[in-house]
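First up is the structure itself, then whatever we jot down about it.
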Amino acid sequence: MKEKNTFILQKTKIKFLLLGVLGIFFLTSACHLDQEDEKIANNKILLLKFNTHTKEFLAAKEFKYYNNEDNFTVNLNKKDIDNVLITDVTYVEKNALLFKATSKTDNGKIIIPEDFKIASQFERVLNDDLIFPSDSYKTLDNSELSELDFKEMWSNIQNILQVQMFLKSNPNQQIKTFMYQPHRQNNQISYNFFILKN
């Protein structure tokens, strides 16, 4: 009986020992996985927001995608549902929604993106030489954006480090623009948006 108890005790010790070794292996493997390099997003889109009337740069949102895409098609779609105008802007190649907003008779709102970064949080370079996109701009909607207005808005962002990096990595791009008006009957409140791709 004593031998049987000793044998069971030894078997139990071996099981605990094996569990301990496996546990240590698992823990060290998990730590090792944490040290892997973070994936680098090499396909980025920058959405910049301006006050249409003052031309002031207000905020921006950067979108990151983790696979390369040379083509860049942006579609703007407007739907009128129960007297609410819904505006969607989609990055076609990624089937990704860049912008979604409502326009109402009282007060519409931007739904996507939720988390704009305000203008003062962007790093600016000291060099104030004007750098323009070589292929200028294209409006996605029926709004009128004169070249003079575009240049005035562009001059307010062209020395932002992030904008310069986007332009440097994709110098031949055409800036996509559109206007958003939250109040359907009040055109005194409206915003222009620029879309850049790196």
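The values are calculated or read from the model by the stated rules, or taken from the named source; none is laboratory data. Because the structure is a prediction, the values reported are computed rather than measured. Methodologically, a virtual Cβ is constructed for each residue, glycine included, from the backbone with ideal geometry; neighbour enumeration extends over all protein chains shown. The protein model used for the area step is the full one, side chains on, heavy atoms only, and it has no ligands, DNA or RNA in it. Shrake-Rupley method; radii C 1.70, N 1.55, O 1.52, S 1.80 Å.
Modelling each spin label as a point 7 Å along the Cα-to-Cβ direction, I'd like the L130/N42 distance in nm, to one decimal.
Going by the 7 Å Cα→Cβ label model, 3.5 nm.
Between beta-carbons, use under 15 Å as the cut-off and find the net charge around K55, counting Lys and Arg +1, Asp and Glu -1. It would help to have the intermediate numbers written out before the result.
Working: positive: K49, K151; negative: E56, E144, E147, D149, E152.
Result for the neighbourhood of K55: -3.
Quick one: net charge around Q174, please, counting Lys, Arg +1 and Asp, Glu -1 for every other residue with C-beta under 10 Å from its C-beta.
Working: positive: K138, K176, K197; negative: D135.
Result for the neighbourhood of Q174: +2.
Place +1 on the Cβ of every Lys and Arg and -1 on the Cβ of every Asp and Glu in the range 140-198, take the dipole about the Cα centre, and give the residue among I160, Y180, S146 whose Cα lies farthest towards its positive end.
Of the options given, the answer is I160.
In nm, give the distance between the simple-model label positions of N170 and T73, each being 7 Å from the Cα along the Cα-to-Cβ direction.
Inter-label distance under the simple model: 1.5 nm.
I'd like the distance between the alpha-carbon centres of the range 145-183 and the range 54-113, rounded to an integer number of Å.
16 Å
Given all pairs of different Cα atoms, what value in angstroms does the Kirkwood hydrodynamic radius of the range 96-198 take? Let's see the in-between values first.
Working: mean 1/r = 0.0662 Å⁻¹.
Hydrodynamic radius (Kirkwood, Cα pairs) of the range 96-198 is 15.1 Å.
Could you tell me which of L98, I86, F72 has its Cα farthest along the dipole of the range 69-119 towards the positive end, charges placed at Cβ (Lys, Arg +1; Asp, Glu -1), taken about the Cα centre?
I86
Based on the Cβ-Cβ distance of E62 and T139, what FRET efficiency does E = 1/(1 + (r/R0)^6) give at R0 = 22 Å, to the nearest 0.05? Intermediate values should be presented prior to the final figure.
Details: r = 22 Å, r/R0 = 1.00.
Result of the calculation: an efficiency of 0.50.
How much net charge surrounds L85 when only the other residues with a Cβ under 9 Å from the Cβ of L85 are counted, with Lys and Arg +1 and Asp and Glu -1?
Details: positive: K78, K79, K104, R184; negative: D80.
My count for the surroundings of L85 gives +3.
Probe radius 1.4 Å, ligands and nucleic acids ignored: give me the carbon and sulfur share of the accessible area of the range 43-197 as a rounded percent. Before the final figure, lay out the partial values.
Details: 3680 of 8400 Å².
Ligands and nucleic acids excluded, carbon and sulfur reach 44 percent.
Determine, for each peptide in 71-81, 168-178, the mean count of other beta carbons within 10 angstrom over its residues, then list the peptides with the highest first.
Working: 71-81: 12.3, 168-178: 16.1.
Those peptides, ordered most packed to least, come out 168-178, 71-81.
Would you list Y180, Y191 from the most to the least accessible area, probe 1.4 Å?
Details: Y180 10, Y191 50 Å².
The most accessible residue leads, giving Y191, Y180.
Which length gain, in nm to one decimal place, applies between Q121 and I189 when the Cα-Cα distance is subtracted from 0.36 nm times their residue separation?
Details: separation 68, 0.36 × 68 = 24.48 nm, distance 2.36 nm.
The span from Q121 to I189 would gain 22.1 nm if fully extended.
Rounding to the nearest 20 debye, state how big the charge dipole of the range 43-197 is about its Cα centre with +1 on each Lys and Arg Cβ and -1 on each Asp and Glu Cβ. Numbers along the way, then the final one.
Values: 19 positive and 20 negative charges, 60 e Å.
That gives a dipole near 280 debye.
If R₀ is 30 angstrom, what is the calculated FRET efficiency for the pair N95 and D149, using the beta carbon separation as r and rounding to 0.05? Please list the in-between numbers first.
Working: r = 31 Å, r/R0 = 1.04.
The value I calculate is 0.45.
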